[in-house]
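Okay, so here's the structure we're looking at.
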Amino acid sequence: MNKLKRGAIATVVAGAAAFGGVVAIAPTASAAGSSTCTVDIANATYKTTTSVNLRTGPGAGYTSQGILATGTHFYGTCKYDTSYGVGVPYNVWTYGKVTSGANSGKWGWVSADYLKKA
């Protein structure tokens, strides 16, 4: 990190501390790769059930890398699952590689709600 960025961050943190505030630093989009996974899956091939975003992380708040058209093939390697209770899915995202269509070759996250086994 260069000196200018370190200085700016230190100023913000010091200012927040002086006024009794808290500074939350969000992870970068690149930090939401497979290390974010909570469940390994047997590498599975899926198809999208509708047009859906390929995202940089497991959530709608992450940046879209492109739209996957209905029927796009997606090779899933793991999932991010924040289920509450047994068998009650709340927020499940699949990480993997797009293997067909305009975004073929890209890695990212797709909501499991829009995937079915191929």
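Only residues in region 90-105 that are farther than 21 Å from Ala42 by Cβ count as the first member; pair them with residues that are assigned to a loop (DSSP other than H, G, I, E, B) and among the aliphatic types (A, V, I, L, M), Cβ under 8 angstrom, at least 6 apart or cross-chain, and list the lot.
Going by the 8 Å Cβ cut-off, the qualifying pairs are Gly101/Ala69; Ala102/Ala69.
Cβ-Cβ under 9 Å, sequence separation 6+ or interchain: first residue in region 68-81 and surrounded by 16 or more Cβ atoms within 10 Å (Cβ to Cβ), partner among the acidic types (Asp, Glu). Which pairs?
Listed by first residue and then by second, the contacts come to Thr77/Asp40; Cys78/Asp40; Lys79/Asp40.
Read-outs: derived from the displayed coordinates by stated rules, not from any lab. As the structure is a computational prediction, the values presented were derived from the model and not from experiment. Note: ideal-geometry Cβ built from the backbone for every residue, glycine included; neighbour counts use all protein chains shown.
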